[in-house]
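Okay, structure first, notes after.
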Ligand SMILES: [Zn+2]
(Lines give C-alpha, C1' and ligand atoms only; values in the text may rest on other atoms or scores of the structure.)
Protein backbone atom coordinates (compact mmCIF):
# COMPACT_ATOMS: atom_id res chain seq x y z
CA UNK A 1 0.00 0.00 0.00
CA UNK A 2 2.83 2.38 0.78
CA UNK A 3 4.29 1.83 -2.70
CA UNK A 4 0.92 2.68 -4.17
CA UNK A 5 0.76 5.87 -2.12
CA UNK A 6 4.18 6.85 -3.33
CA UNK A 7 3.03 6.33 -6.88
CA UNK A 8 0.01 8.52 -6.37
CA UNK A 9 2.11 11.31 -4.87
CA UNK A 10 4.57 11.06 -7.71
CA UNK A 11 1.77 11.44 -10.20
CA UNK A 12 0.66 14.66 -8.58
CA UNK A 13 4.17 16.10 -8.46
CA UNK A 14 4.76 15.21 -12.08
CA UNK A 15 1.53 16.82 -13.06
CA UNK A 16 2.48 19.99 -11.21
CA UNK A 17 5.85 20.24 -12.88
CA UNK A 18 4.94 19.19 -16.35
CA UNK A 19 1.39 20.49 -16.39
CA UNK A 20 0.27 17.71 -18.65
CA UNK A 21 1.37 14.12 -18.42
CA UNK A 22 -0.48 11.53 -20.38
CA UNK A 23 0.27 7.98 -19.57
CA UNK A 24 -0.84 4.75 -21.10
CA UNK A 25 -3.60 4.07 -23.49
CA UNK A 26 -5.39 7.03 -25.00
CA UNK A 27 -6.20 5.41 -28.31
CA UNK A 28 -9.40 3.40 -27.86
CA UNK A 29 -12.53 5.18 -28.91
CA UNK A 30 -15.58 5.32 -26.70
CA UNK A 31 -17.55 2.11 -26.57
CA UNK A 32 -20.77 1.90 -28.52
CA UNK A 33 -24.20 2.34 -27.01
CA UNK A 34 -25.95 5.15 -25.25
CA UNK A 35 -23.60 7.28 -23.13
CA UNK A 36 -24.29 7.40 -19.40
CA UNK A 37 -22.83 9.69 -16.76
CA UNK A 38 -22.77 9.49 -12.96
CA UNK A 39 -21.57 12.59 -11.09
CA UNK A 40 -20.64 11.98 -7.45
CA UNK A 41 -19.80 14.62 -4.87
CA UNK A 42 -18.17 13.70 -1.57
CA UNK A 43 -18.49 16.96 0.34
CA UNK A 44 -15.29 18.56 1.61
CA UNK A 45 -12.97 15.95 0.04
CA UNK A 46 -9.68 17.84 -0.03
CA UNK A 47 -7.45 17.09 -3.02
CA UNK A 48 -4.64 15.62 -0.90
CA UNK A 49 -6.74 13.37 1.34
CA UNK A 50 -5.66 10.33 -0.66
CA UNK A 51 -2.06 11.05 0.27
CA UNK A 52 -2.94 11.63 3.93
CA UNK A 53 -5.14 8.54 4.37
CA UNK A 54 -3.54 5.09 4.58
CA UNK A 55 -5.97 2.73 2.96
CA UNK A 56 -7.89 3.85 -0.14
CA UNK A 57 -7.74 0.91 -2.59
CA UNK A 58 -10.84 1.91 -4.54
CA UNK A 59 -9.67 5.44 -5.22
CA UNK A 60 -6.27 3.99 -6.15
CA UNK A 61 -8.02 1.71 -8.61
CA UNK A 62 -10.06 4.59 -10.02
CA UNK A 63 -6.91 6.66 -10.57
CA UNK A 64 -5.24 3.72 -12.33
CA UNK A 65 -8.20 3.03 -14.57
CA UNK A 66 -9.17 6.61 -15.29
CA UNK A 67 -7.99 10.19 -15.40
CA UNK A 68 -7.19 12.60 -12.62
CA UNK A 69 -5.58 15.98 -12.01
CA UNK A 70 -3.71 17.56 -9.10
CA UNK A 71 -7.00 19.19 -8.03
CA UNK A 72 -9.98 20.83 -9.64
CA UNK A 73 -10.14 24.62 -9.42
CA UNK A 74 -13.31 25.50 -7.57
CA UNK A 75 -15.08 28.83 -7.38
CA UNK A 76 -15.11 31.58 -4.77
CA UNK A 77 -16.59 31.46 -2.21
CA UNK A 78 -15.61 27.91 -1.29
CA UNK A 79 -18.89 27.06 0.43
CA UNK A 80 -21.08 24.02 -0.15
CA UNK A 81 -24.13 25.51 -1.81
CA UNK A 82 -22.43 27.90 -4.26
CA UNK A 83 -19.79 25.35 -5.31
CA UNK A 84 -22.28 22.53 -5.86
CA UNK A 85 -24.60 24.71 -7.94
CA UNK A 86 -21.62 25.80 -10.05
CA UNK A 87 -20.83 22.16 -10.87
CA UNK A 88 -24.29 21.51 -12.30
CA UNK A 89 -24.77 24.83 -14.12
CA UNK A 90 -21.26 25.66 -15.36
CA UNK A 91 -21.82 29.16 -13.97
CA UNK A 92 -19.75 31.29 -11.62
CA UNK A 93 -21.46 32.06 -8.35
CA UNK A 94 -22.25 35.65 -9.36
CA UNK A 95 -23.93 34.22 -12.45
CA UNK A 96 -26.13 31.52 -10.89
CA UNK A 97 -26.95 33.57 -7.80
CA UNK A 98 -26.52 30.95 -5.07
CA UNK A 99 -23.71 33.09 -3.72
CA UNK A 100 -23.58 31.69 -0.18
CA UNK A 101 -25.07 29.14 2.18
CA UNK A 102 -26.91 32.01 3.84
CA UNK A 103 -28.48 34.81 1.81
CA UNK A 104 -30.79 37.71 2.36
CA UNK A 105 -33.01 39.42 -0.15
CA UNK A 106 -34.74 42.65 0.72
CA UNK A 107 -36.71 42.66 -2.53
CA UNK A 108 -38.24 39.28 -1.63
CA UNK A 109 -39.96 40.67 1.48
CA UNK A 110 -36.78 40.67 3.54
CA UNK A 111 -36.45 36.92 3.28
CA UNK A 112 -33.53 34.80 4.35
CA UNK A 113 -32.14 31.80 2.52
CA UNK A 114 -30.78 28.98 4.65
CA UNK A 115 -29.47 25.60 3.55
CA UNK A 116 -32.92 24.09 4.12
CA UNK A 117 -34.63 26.61 1.82
CA UNK A 118 -36.16 25.06 -1.30
CA UNK A 119 -38.46 27.92 -2.39
CA UNK A 120 -38.21 27.89 -6.16
CA UNK A 121 -37.60 31.63 -6.64
CA UNK A 122 -34.13 31.53 -5.06
CA UNK A 123 -32.89 29.18 -7.76
CA UNK A 124 -33.30 31.84 -10.47
CA UNK A 125 -34.15 29.59 -13.38
CA UNK A 126 -30.61 28.90 -14.53
CA UNK A 127 -30.41 25.58 -16.31
CA UNK A 128 -28.92 22.61 -14.48
CA UNK A 129 -27.38 19.52 -16.02
CA UNK A 130 -30.45 17.44 -15.18
CA UNK A 131 -32.70 20.04 -16.87
CA UNK A 132 -30.49 20.07 -19.96
CA UNK A 133 -30.58 16.26 -20.09
CA UNK A 134 -34.34 16.03 -19.70
CA UNK A 135 -34.90 18.77 -22.30
CA UNK A 136 -33.00 16.53 -24.71
CA UNK A 137 -35.28 13.60 -23.89
CA UNK A 138 -32.86 11.84 -21.54
CA UNK A 139 -33.66 10.44 -18.10
CA UNK A 140 -32.03 11.97 -15.03
CA UNK A 141 -32.15 11.05 -11.36
CA UNK A 142 -30.61 12.96 -8.46
CA UNK A 143 -29.98 11.42 -5.05
CA UNK A 144 -29.50 14.72 -3.21
CA UNK A 145 -27.84 17.74 -4.80
CA UNK A 146 -28.06 21.44 -4.14
CA UNK A 147 -31.07 22.70 -6.10
CA UNK A 148 -32.57 19.31 -6.93
CA UNK A 149 -35.49 19.69 -4.49
CA UNK A 150 -36.63 22.91 -6.18
CA UNK A 151 -38.41 23.46 -9.45
CA UNK A 152 -35.96 25.08 -11.86
CA UNK A 153 -37.19 26.24 -15.27
CA UNK A 154 -40.44 24.44 -14.53
CA UNK A 155 -38.86 21.03 -14.10
CA UNK A 156 -37.38 18.71 -11.50
CA UNK A 157 -35.29 15.60 -12.02
CA UNK A 158 -37.37 12.52 -12.87
CA UNK A 159 -36.23 11.06 -9.53
CA UNK A 160 -35.24 13.23 -6.58
CA UNK A 161 -35.54 13.37 -2.80
CA UNK A 162 -35.84 16.10 -0.25
CA UNK A 163 -32.50 16.18 1.58
CA UNK A 164 -32.18 13.83 4.54
CA UNK A 165 -28.64 13.43 5.82
CA UNK A 166 -29.58 10.33 7.83
CA UNK A 167 -30.09 8.15 4.73
CA UNK A 168 -27.29 5.53 4.80
CA UNK A 169 -24.71 6.08 2.09
CA UNK A 170 -25.07 2.45 0.98
CA UNK A 171 -28.79 3.00 0.28
CA UNK A 172 -27.98 6.03 -1.85
CA UNK A 173 -25.52 4.01 -3.94
CA UNK A 174 -27.90 1.07 -4.38
CA UNK A 175 -30.80 3.29 -5.43
CA UNK A 176 -28.75 5.23 -7.95
CA UNK A 177 -27.37 2.06 -9.55
CA UNK A 178 -30.93 0.72 -9.78
CA UNK A 179 -31.97 3.88 -11.63
CA UNK A 180 -29.03 3.55 -14.03
CA UNK A 181 -29.55 -0.19 -14.65
CA UNK A 182 -33.21 -1.22 -14.26
CA UNK A 183 -34.67 2.19 -15.22
CA UNK A 184 -32.01 2.87 -17.87
CA UNK A 185 -31.29 6.42 -16.70
CA UNK A 186 -28.77 8.41 -18.71
CA UNK A 187 -27.62 10.72 -15.92
CA UNK A 188 -27.35 10.16 -12.18
CA UNK A 189 -26.12 12.50 -9.46
CA UNK A 190 -25.14 11.35 -6.00
CA UNK A 191 -24.20 13.43 -2.96
CA UNK A 192 -22.54 12.45 0.33
CA UNK A 193 -22.14 14.85 3.25
CA UNK A 194 -18.79 13.32 4.23
CA UNK A 195 -15.88 13.71 4.81
CA UNK A 196 -16.98 17.35 5.28
CA UNK A 197 -18.84 16.81 8.55
CA UNK A 198 -15.99 14.92 10.20
CA UNK A 199 -13.44 17.34 8.72
CA UNK A 200 -15.16 20.26 10.46
CA UNK A 201 -15.13 18.48 13.81
CA UNK A 202 -11.60 17.07 13.76
CA UNK A 203 -9.71 19.12 11.17
CA UNK A 204 -8.32 17.95 7.82
CA UNK A 205 -5.45 16.02 9.39
CA UNK A 206 -7.37 14.49 12.29
CA UNK A 207 -7.34 10.71 12.53
CA UNK A 208 -11.15 10.63 12.58
CA UNK A 209 -11.26 12.61 9.33
CA UNK A 210 -8.78 10.33 7.60
CA UNK A 211 -10.73 7.28 8.78
CA UNK A 212 -13.81 8.88 7.25
CA UNK A 213 -11.90 9.29 3.99
CA UNK A 214 -11.23 5.54 4.13
CA UNK A 215 -14.93 4.88 4.79
CA UNK A 216 -15.78 6.98 1.71
CA UNK A 217 -13.30 4.86 -0.23
CA UNK A 218 -15.43 1.87 0.79
CA UNK A 219 -18.54 3.64 -0.50
CA UNK A 220 -16.78 4.25 -3.81
CA UNK A 221 -15.89 0.53 -3.82
CA UNK A 222 -19.55 -0.36 -3.32
CA UNK A 223 -20.51 1.86 -6.26
CA UNK A 224 -17.87 0.27 -8.51
CA UNK A 225 -18.96 -3.24 -7.44
CA UNK A 226 -22.65 -2.55 -8.02
CA UNK A 227 -21.91 -1.10 -11.45
CA UNK A 228 -19.87 -4.20 -12.22
CA UNK A 229 -22.65 -6.53 -11.05
CA UNK A 230 -25.15 -4.75 -13.32
CA UNK A 231 -22.79 -4.83 -16.30
CA UNK A 232 -22.49 -1.04 -16.28
CA UNK A 233 -18.95 -0.53 -15.04
CA UNK A 234 -17.43 -0.14 -18.49
CA UNK A 235 -20.41 1.69 -19.91
CA UNK A 236 -20.88 4.44 -17.34
CA UNK A 237 -18.73 7.56 -17.25
CA UNK A 238 -18.17 8.08 -13.55
CA UNK A 239 -16.94 11.42 -12.17
CA UNK A 240 -16.03 11.66 -8.48
CA UNK A 241 -15.30 15.13 -7.19
CA UNK A 242 -16.08 17.55 -4.40
CA UNK A 243 -17.06 21.13 -3.69
CA UNK A 244 -14.11 22.35 -1.61
CA UNK A 245 -11.27 21.30 0.67
CA UNK A 246 -10.81 21.92 4.39
CA UNK A 247 -8.45 24.21 6.33
CA UNK A 248 -7.14 23.72 9.86
CA UNK A 249 -8.84 26.16 12.22
CA UNK A 250 -9.57 26.55 15.89
CA UNK A 251 -12.95 28.19 16.38
CA UNK A 252 -12.27 28.89 20.07
CA UNK A 253 -8.95 30.64 19.55
CA UNK A 254 -8.81 32.13 16.06
CA UNK A 255 -12.04 34.07 15.73
CA UNK A 256 -12.31 37.75 14.83
CA UNK A 257 -15.12 39.31 16.89
CA UNK A 258 -16.67 42.17 14.91
CA UNK A 259 -17.94 43.75 18.15
CA UNK A 260 -14.34 44.61 18.99
CA UNK A 261 -14.27 47.09 16.08
CA UNK A 262 -17.79 48.14 15.06
CA UNK A 263 -21.33 48.31 16.40
CA UNK A 264 -24.92 48.66 15.24
CA UNK A 265 -24.44 52.31 14.31
CA UNK A 266 -22.40 51.08 11.31
CA UNK A 267 -23.78 47.56 10.64
CA UNK A 268 -27.42 46.90 9.83
CA UNK A 269 -27.15 43.14 9.19
CA UNK A 270 -24.55 40.37 9.16
CA UNK A 271 -25.85 37.85 6.64
CA UNK A 272 -23.05 35.27 6.59
CA UNK A 273 -20.29 34.62 9.12
CA UNK A 274 -17.27 32.32 9.20
CA UNK A 275 -14.45 32.22 6.66
CA UNK A 276 -16.39 34.87 4.75
CA UNK A 277 -18.81 37.50 6.07
CA UNK A 278 -21.43 39.56 4.25
CA UNK A 279 -22.28 42.88 5.88
CA UNK A 280 -25.09 45.32 5.14
CA UNK A 281 -24.00 48.77 6.38
CA UNK A 282 -26.36 51.29 7.88
CA UNK A 283 -27.59 53.84 5.33
CA UNK A 284 -24.69 55.99 4.11
CA UNK A 285 -22.16 54.28 6.38
CA UNK A 286 -20.38 52.00 3.90
CA UNK A 287 -17.08 53.90 3.83
CA UNK A 288 -17.11 54.44 7.59
CA UNK A 289 -17.64 50.69 8.09
CA UNK A 290 -14.81 49.84 5.71
CA UNK A 291 -12.48 52.33 7.43
CA UNK A 292 -13.28 50.82 10.83
CA UNK A 293 -12.42 47.31 9.63
CA UNK A 294 -9.65 47.78 7.07
CA UNK A 295 -6.76 47.44 9.53
CA UNK A 296 -8.16 44.45 11.43
CA UNK A 297 -5.63 41.64 11.39
CA UNK A 298 -6.30 38.24 9.73
CA UNK A 299 -8.95 39.37 7.27
CA UNK A 300 -9.44 41.43 4.13
CA UNK A 301 -12.25 43.95 3.61
CA UNK A 302 -13.83 44.52 0.22
CA UNK A 303 -16.50 46.85 -1.04
CA UNK A 304 -18.54 44.62 -3.32
CA UNK A 305 -17.62 46.58 -6.47
CA UNK A 306 -13.90 46.18 -5.71
CA UNK A 307 -13.83 42.42 -5.28
CA UNK A 308 -10.90 40.93 -7.26
CA UNK A 309 -11.91 39.95 -10.79
CA UNK A 310 -10.61 36.41 -10.31
CA UNK A 311 -13.33 35.78 -7.71
CA UNK A 312 -16.13 36.38 -10.25
CA UNK A 313 -18.03 37.53 -7.22
CA UNK A 314 -19.41 41.04 -7.49
CA UNK A 315 -22.18 41.15 -10.11
CA UNK A 316 -25.11 39.86 -8.15
CA UNK A 317 -27.60 41.68 -5.98
CA UNK A 318 -27.45 38.99 -3.28
CA UNK A 319 -23.76 39.76 -2.66
CA UNK A 320 -23.97 42.34 0.10
CA UNK A 321 -22.22 45.75 -0.06
CA UNK A 322 -19.28 44.82 2.19
CA UNK A 323 -17.58 41.41 2.06
CA UNK A 324 -14.97 40.25 4.57
CA UNK A 325 -12.64 37.36 3.71
CA UNK A 326 -10.75 35.79 6.62
CA UNK A 327 -7.16 34.61 6.30
CA UNK A 328 -6.76 30.84 6.22
CA UNK A 329 -7.43 29.36 9.66
CA UNK A 330 -9.40 32.33 10.96
CA UNK A 331 -13.13 32.91 11.34
CA UNK A 332 -15.26 36.07 11.51
CA UNK A 333 -18.11 36.31 14.01
CA UNK A 334 -20.78 38.85 14.81
CA UNK A 335 -20.54 37.73 18.43
CA UNK A 336 -17.69 35.37 19.28
CA UNK A 337 -18.84 34.87 22.88
CA UNK A 338 -22.29 33.75 21.79
CA UNK A 339 -20.71 31.51 19.19
CA UNK A 340 -18.39 29.83 21.71
CA UNK A 341 -21.27 29.19 24.10
CA UNK A 342 -23.72 27.85 21.51
CA UNK A 343 -21.69 26.13 18.80
CA UNK A 344 -19.27 23.29 19.63
CA UNK A 345 -15.60 23.99 18.94
CA UNK A 346 -14.53 22.89 15.48
CA UNK A 347 -11.10 22.34 13.93
CA UNK A 348 -11.80 22.49 10.20
CA UNK A 349 -13.52 25.04 7.97
CA UNK A 350 -13.81 26.29 4.39
CA UNK A 351 -15.19 29.25 2.48
CA UNK A 352 -11.77 30.92 2.13
CA UNK A 353 -10.03 32.25 -0.99
CA UNK A 354 -10.23 29.58 -3.67
CA UNK A 355 -6.54 30.03 -4.52
CA UNK A 356 -5.52 28.38 -1.25
CA UNK A 357 -4.14 24.87 -1.51
CA UNK A 358 -6.33 23.72 1.38
CA UNK A 359 -9.53 24.76 -0.42
CA UNK A 360 -8.92 22.62 -3.49
CA UNK A 361 -11.07 19.52 -4.06
CA UNK A 362 -10.37 16.13 -5.57
CA UNK A 363 -11.29 15.07 -9.12
CA UNK A 364 -11.19 11.62 -10.71
CA UNK A 365 -13.08 10.13 -13.66
CA UNK A 366 -13.27 6.76 -15.38
CA UNK A 367 -15.32 5.27 -18.18
CA UNK A 368 -15.44 4.93 -21.96
CA UNK A 369 -15.21 8.67 -22.61
CA UNK A 370 -12.17 9.22 -20.40
CA UNK A 371 -8.48 8.59 -20.79
CA UNK A 372 -6.98 5.75 -18.80
CA UNK A 373 -4.10 5.96 -16.35
CA UNK A 374 -3.66 9.64 -17.14
CA UNK A 375 -2.96 12.83 -15.23
CA UNK A 376 -3.90 16.09 -16.90
CA UNK A 377 -3.70 19.76 -16.08
CA UNK A 378 -6.33 21.00 -13.66
CA UNK A 379 -9.65 22.19 -15.06
CA UNK A 380 -12.28 24.38 -13.38
CA UNK A 381 -15.51 23.24 -11.74
CA UNK A 382 -17.40 25.41 -14.27
CA UNK A 383 -16.08 23.01 -16.93
CA UNK A 384 -17.94 20.00 -15.50
CA UNK A 385 -21.29 21.10 -16.95
CA UNK A 386 -20.14 21.45 -20.59
CA UNK A 387 -18.08 18.26 -20.17
CA UNK A 388 -21.13 16.20 -19.17
CA UNK A 389 -23.23 17.82 -21.91
CA UNK A 390 -20.58 16.79 -24.43
CA UNK A 391 -20.45 13.20 -23.20
CA UNK A 392 -24.25 12.91 -23.25
CA UNK A 393 -24.30 14.60 -26.65
CA UNK A 394 -26.74 17.32 -25.60
CA UNK A 395 -26.74 21.08 -26.09
CA UNK A 396 -25.39 23.07 -23.13
CA UNK A 397 -27.10 26.21 -21.92
CA UNK A 398 -24.88 29.33 -21.94
CA UNK A 399 -22.23 28.85 -19.26
CA UNK A 400 -18.85 30.04 -17.97
CA UNK A 401 -17.10 26.72 -18.56
CA UNK A 402 -14.78 25.54 -21.27
CA UNK A 403 -15.08 22.24 -23.08
CA UNK A 404 -11.73 23.08 -24.60
CA UNK A 405 -10.11 22.86 -21.15
CA UNK A 406 -12.09 19.73 -20.21
CA UNK A 407 -11.11 18.06 -23.50
CA UNK A 408 -7.80 17.08 -21.90
CA UNK A 409 -9.74 14.39 -20.01
CA UNK A 410 -11.27 12.79 -23.08
CA UNK A 411 -10.04 9.88 -25.17
CA UNK A 412 -11.56 11.41 -28.29
CA UNK A 413 -11.06 15.17 -28.57
CA UNK A 414 -14.22 17.18 -29.29
CA UNK A 415 -14.60 18.73 -32.72
CA UNK A 416 -14.25 22.53 -32.91
CA UNK A 417 -18.00 23.06 -33.28
CA UNK A 418 -18.54 21.26 -29.95
CA UNK A 419 -17.52 24.43 -28.06
CA UNK A 420 -20.60 26.60 -28.49
CA UNK A 421 -20.61 28.20 -25.07
CA UNK A 422 -17.01 28.63 -24.05
CA UNK A 423 -15.43 30.54 -22.56
CA UNK A 424 -17.60 33.12 -20.81
CA UNK A 425 -21.06 34.47 -20.55
CA UNK A 426 -22.23 37.02 -18.03
CA UNK A 427 -25.66 36.24 -16.66
CA UNK A 428 -27.01 39.66 -15.97
CA UNK A 429 -30.62 39.19 -14.93
CA UNK A 430 -29.71 39.44 -11.26
CA UNK A 431 -26.65 41.56 -11.79
CA UNK A 432 -26.14 44.94 -10.19
CA UNK A 433 -24.27 46.03 -13.30
CA UNK A 434 -26.28 44.67 -16.19
CA UNK A 435 -25.04 47.26 -18.66
CA UNK A 436 -21.35 46.52 -18.12
CA UNK A 437 -22.11 42.83 -18.31
CA UNK A 438 -24.18 43.19 -21.47
CA UNK A 439 -21.43 45.17 -23.18
CA UNK A 440 -18.90 42.47 -22.46
CA UNK A 441 -21.34 39.88 -23.67
CA UNK A 442 -21.96 41.75 -26.88
CA UNK A 443 -18.23 42.09 -27.64
CA UNK A 444 -17.63 38.41 -26.85
CA UNK A 445 -20.58 37.39 -28.98
CA UNK A 446 -19.34 39.39 -31.98
CA UNK A 447 -15.80 38.02 -31.62
CA UNK A 448 -16.98 34.44 -31.20
CA UNK A 449 -19.41 34.80 -34.12
CA UNK A 450 -16.63 36.06 -36.36
CA UNK A 451 -14.37 33.21 -35.28
CA UNK A 452 -17.07 30.63 -35.93
CA UNK A 453 -17.84 32.22 -39.31
CA UNK A 454 -14.19 32.04 -40.30
CA UNK A 455 -13.89 28.49 -39.03
CA UNK A 456 -16.88 27.25 -40.99
CA UNK A 457 -16.42 29.23 -44.18
ZN1 LIG B 1 -19.30 21.35 1.32
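The values are calculated or read from the model by the stated rules, or taken from the named source; none is laboratory data. Bear in mind the structure is a predicted one, so any value in this text is a computation, not a measurement. Glycine also receives a Cβ, built like all others from the backbone with ideal geometry; neighbour counts cover every protein chain displayed.
Can we say residue 264 is more than 26 Å from the chain's Cα centre (by Cα), more than 15 Å from the ligand (Cβ to nearest atom), assigned to a loop (DSSP other than H, G, I, E, B) and without any contact (Cβ under 8 Å) to a residue 24 or more places away in the chain?
Yes, satisfied.
Condition check ((1) crowded, with 22+ Cβ neighbours inside 10 Å; (2) in contact with a strand residue (DSSP E or B) (Cβ under 8 Å, 6 or more places away or on another chain)) across all residues:
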| position | (1), (2) |
| --- | --- |
| 181 | no, no |
| 197 | no, no |
| 201 | no, yes |
| 212 | yes, no |
| 219 | no, yes |
| 223 | yes, yes |
| 249 | yes, yes |
| 282 | no, yes |
Which of the residues belonging to the stretch 176-200 are over 10 Å from residue 140 (Cα atoms) and under 21 Å from the mean Cα position of the chain (by Cα)? 176, 190, 191, 192, 193, 194, 195, 196, 197, 198, 199, 200
Within the stretch 355-362, can one find any residue that is within 30 Å of residue 111 (Cβ to Cβ) and in contact with a strand residue (DSSP E or B) (Cβ under 8 Å, 6 or more places away or on another chain)? yes
If you scan the stretch 233-250, which residues turn out to be more than 16 Å from the ligand (Cβ to nearest atom), touching a helix residue (DSSP H, G or I) at 6+ places or on another chain (Cβ under 7 Å) and more than 16 Å from residue 58 (Cβ to Cβ)? 237
Among the residues of the stretch 65-102 satisfying the criterion of being modelled with pLDDT under 95, in contact with a helix residue (DSSP H, G or I) (Cβ under 6 Å, 6 or more places away or on another chain) and assigned to a loop (DSSP other than H, G, I, E, B), which is farthest from the ligand (Cβ to nearest atom)? 99
When you look at residue 62, is it part of a helix (DSSP H, G or I), assigned by TED's automatic domain parsing to the domain that holds residue 220 and either modelled with pLDDT under 95 or surrounded by fewer than 24 Cβ atoms within 10 Å (Cβ to Cβ) (or both), yes or no? yes
Select from the stretch 398-417 the residues that are part of a loop (DSSP other than H, G, I, E, B) and out of contact with any helix residue (DSSP H, G or I) (no Cβ under 6 Å at 6 or more places or on another chain) and list them in ascending order. 398, 411, 412, 415
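Test residue 145 against the criterion of being in contact with a strand residue (DSSP E or B) (Cβ under 7 Å, 6 or more places away or on another chain), buried (at least 22 other Cβ atoms within 10 Å of the Cβ) and assigned to a loop (DSSP other than H, G, I, E, B), and give yes or no.
yes
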Within the stretch 187-218, residues out of contact with any helix residue (DSSP H, G or I) (no Cβ under 6 Å at 6 or more places or on another chain) and not in a helix (DSSP H, G or I) come out as 189, 191, 193, 203, 204, 205, 206
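Residue-wise test of (1) under 21 Å from the mean Cα position of the chain (by Cα); (2) assigned to a helix (DSSP H, G or I); (3) modelled with pLDDT under 95.
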{"residue": "338", "(1), (2), (3)": "no, yes, yes"}
{"residue": "352", "(1), (2), (3)": "yes, no, no"}
{"residue": "365", "(1), (2), (3)": "yes, no, no"}
{"residue": "382", "(1), (2), (3)": "yes, yes, no"}
{"residue": "385", "(1), (2), (3)": "yes, yes, no"}
{"residue": "388", "(1), (2), (3)": "yes, yes, no"}
{"residue": "391", "(1), (2), (3)": "yes, yes, no"}
{"residue": "394", "(1), (2), (3)": "no, no, no"}
Residue set 289, 279; condition more than 16 Å from the ligand (Cβ to nearest atom) and assigned to a strand (DSSP E or B); output residue 279
Which pairs have Cβ atoms under 7 Å, sit 6 or more apart or on different chains, and link a residue in the stretch 337-358 that is more than 17 Å from residue 253 (Cα to Cα) to one that is part of a loop (DSSP other than H, G, I, E, B) and away from the ligand (no atom under 16 Å from the Cβ)? 352/328; 356/328; 358/328
Within the stretch 364-383, can you find the residues that are more than 15 Å from the ligand (Cβ to nearest atom) and closer than 12 Å to residue 243 by Cα? 380, 382
Among (1) surrounded by fewer than 23 Cβ atoms within 10 Å (Cβ to Cβ); (2) farther than 26 Å from residue 60 by Cα; (3) within 16 Å of the ligand (Cβ to nearest atom), where does residue 343 come up short? (3)
Give the residues of the stretch 150-174 that are in a helix (DSSP H, G or I) and buried (at least 17 other Cβ atoms within 10 Å of the Cβ), sorted by residue number. 169, 172, 173
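In this structure, does residue 121 turn out to be farther than 20 Å from residue 384 by Cα, part of a helix (DSSP H, G or I) and at pLDDT below 95? Before the answer, list the steps.
Numbers: farther than 20 Å from residue 384 by Cα: yes; part of a helix (DSSP H, G or I): yes; at pLDDT below 95: yes.
Yes: the conditions hold for residue 121.
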For residues that are assigned to a loop (DSSP other than H, G, I, E, B) and touching a strand residue (DSSP E or B) at 6+ places or on another chain (Cβ under 8 Å), scanning just the stretch 225-247, find the one that is farthest from residue 187 (Cα to Cα). 246
Somewhere in the stretch 103-116, is a residue touching a strand residue (DSSP E or B) at 6+ places or on another chain (Cβ under 8 Å) and in a loop (DSSP other than H, G, I, E, B)? yes
Enumerate the pairs (first residue in the stretch 78-93 and closer than 18 Å to residue 192 by Cβ and without any contact (Cβ under 8 Å) to a residue 40 or more places away in the chain; second residue anywhere and more than 8 Å from the ligand (Cβ to nearest atom) and assigned to a loop (DSSP other than H, G, I, E, B)) with beta-carbon separation below 8 Å, excluding pairs fewer than 6 apart on the same chain, so at least 6 apart or on different chains. none
